[in-house]
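A.B. asks: The structure follows.
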Amino acid sequence: MSEPAVLYDVKGGVATLTLNRPEVLNALNTPLSAELADAAEAAAKDPEVWVVVVRGMGRAFSSGMDRKAISAGDIGDAFYRHWIRGLNCLEDMDKLVVGVLHGYSIGGGLQLAVACDLRLAADDVVLGLGATSHGLIPDGSIMRLARIIGLGRAKELTLLNDNIAPAAALAMGLVNWVVPAAEVDAKLGEIVEKAFHASRTATGHAKRLLHASFHTDPRDMIEEIVRAQQDCMTSWEIEAANRAWDASKADVRFYPPRG
């Protein structure tokens, strides 16, 4: 029986989705896109999962589309449907999603990364798109990249296909952190711990409203914001936060939930 193309593991409130085609630098094909979407949906539905981490096995996060699969005619509608399903799920779920990038994180690898909420990069990372040089559009980033780095930069990366050095990616906001490769797991642990101190109810609403703010007049969102705030105000998390504040003015860790 062949190895799964995406490994799925849940431990201590964190679901880790690991691209598992290291022999081809985690190049993307139809089985991988389907397994990625299924794993993302499993994490989204699991009440024990508070944070989702997406990373790659071996020497790279992902080298992008499997060129052999493209030339063999094995990339078609099924791939794109699963791919879009997976990326949308990562973006829409009410949990923090962190992409952990190392080595080649190019093409579809970068498209996957920008569907995550935050991106942690090792200092050996190579970032770029390249789709238009292969006659394709970067479908996973075409609707997201400009929101992260601005339209001018997004056009530069999409139309000229330059690779971006880690320092430049950090400066333009393409990644949130760059650390030495040996320190990635320690930094990831810090990020996860911070996420455990954030209300998941508030995190879910905040993600959804931030995305909506790009295509909705803020004045048209007032009632929705009020409803979301009311949901937060009646959540168990705010009760826990208030108890901690009243007792010692301390910050509260929401995971694992108590009572």
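A.B. asks: Share of antiparallel DSSP beta bridges in the chain, in percent to the nearest 5?
C.D. replies: 25
A.B. asks: Given the rule -39500 (n - 2.57) for each run of at least 4 DSSP H residues, summed and divided by the residues of the chain, what is its mean residue ellipticity at 222 nm, to the nearest 500 deg cm²/dmol?
C.D. replies: Calculated mean residue ellipticity at 222 nm is -13500 deg cm²/dmol.
A.B. asks: About its Cα centre, how strong a charge dipole does region 174-255 have in debye, to the nearest 20, once Lys and Arg get +1 and Asp and Glu get -1 at the Cβ?
C.D. replies: Around 40 debye, computed over region 174-255.
A.B. asks: Could you name the aspartates and glutamates in cross-link range of Lys95, using Cα to Cα under 18 Å and dropping any fewer than eight places away on the same chain?
C.D. replies: Hits, sequence-local ones excluded: Asp9, Asp38, Glu41, Asp46, Glu48, Asp117, Glu190, Glu193, Asp231, Glu237.
A.B. asks: Can you give me the distance in nm between label points at Met143 and Leu118, each placed 7 Å from the Cα along the Cα-to-Cβ direction?
C.D. replies: 2.5
A.B. asks: Follow-up. With label points built 7 Å along Cα→Cβ from the Cα atoms of Ala206 and Ala78, find their separation and express it in nm.
C.D. replies: For the pair Ala206/Ala78, the computed spacing is 4.0 nm.
A.B. asks: Report, ordered by chain and residue number, the aspartates and glutamates lying within cross-link reach of Lys194, taken as a straight Cα distance under 12 Å and ignoring same-chain residues fewer than 8 apart.
C.D. replies: Cα-Cα hits under 12 Å: Asp251.
A.B. asks: Next up: Explain nothing, just the number: dipole magnitude of region 220-259 about its Cα centre with +1 on each Lys and Arg Cβ and -1 on each Asp and Glu Cβ, in debye rounded to the nearest 20.
C.D. replies: Rounded to the nearest 20 debye, it is 360 debye.
A.B. asks: How high is the relative contact order of the chain? Use alpha-carbon pairs under 8 Å, at least six apart in sequence, and give a whole percent.
C.D. replies: 15
A.B. asks: Let me ask something else. Tell me which of Gln111, Leu96, Pro180 sits at the most positive position along the dipole axis of the chain, charges placed on C-beta atoms (Lys, Arg +1; Asp, Glu -1).
C.D. replies: Pro180
A.B. asks: Can I ask one more? Pull out a ≥ b ≥ c, the square roots of the eigenvalues of the alpha-carbon gyration tensor of region 1-151, then state rounded if a/c is under 1.5, prolate if not and a/b is larger than b/c, and oblate in the remaining case.
C.D. replies: Judged from the Cα gyration tensor, region 1-151 comes out rounded (a/c under 1.5).
A.B. asks: Tell me the relative contact order for region 128-259 as a rounded percent, counting alpha carbon contacts under 8 Å between residues six or more apart.
C.D. replies: 20
A.B. asks: Here is a follow-up. Mind putting a number on the dipole of the chain about its Cα centre? Charges go on the C-beta only, +1 for Lys and Arg and -1 for Asp and Glu, and I need it in Debye to the nearest 20.
C.D. replies: 260
A.B. asks: Could you give P(r) for region 1-66, binned at 5 Å from zero, as whole percent values over all Cα-Cα pairs?
C.D. replies: P(r) for region 1-66, in whole percents per bin: 4, 20, 28, 23, 15, 8, 2.
A.B. asks: Also, quick follow-up: For region 76-232, what class follows from the C-alpha gyration tensor (a ≥ b ≥ c being the square roots of its eigenvalues): rounded when a/c is under 1.5, otherwise prolate if a/b is larger than b/c, else oblate?
C.D. replies: Cα axes put region 76-232 in the oblate bin.
We did not get these values from a lab; they are worked out from the coordinates using the rules stated. Only a predicted model underlies this, so the values are computations on that prediction, with no experimental measurement involved. Using ideal geometry, Cβ is built from the backbone for each residue, glycine included, and neighbour counts are taken over all protein chains shown.
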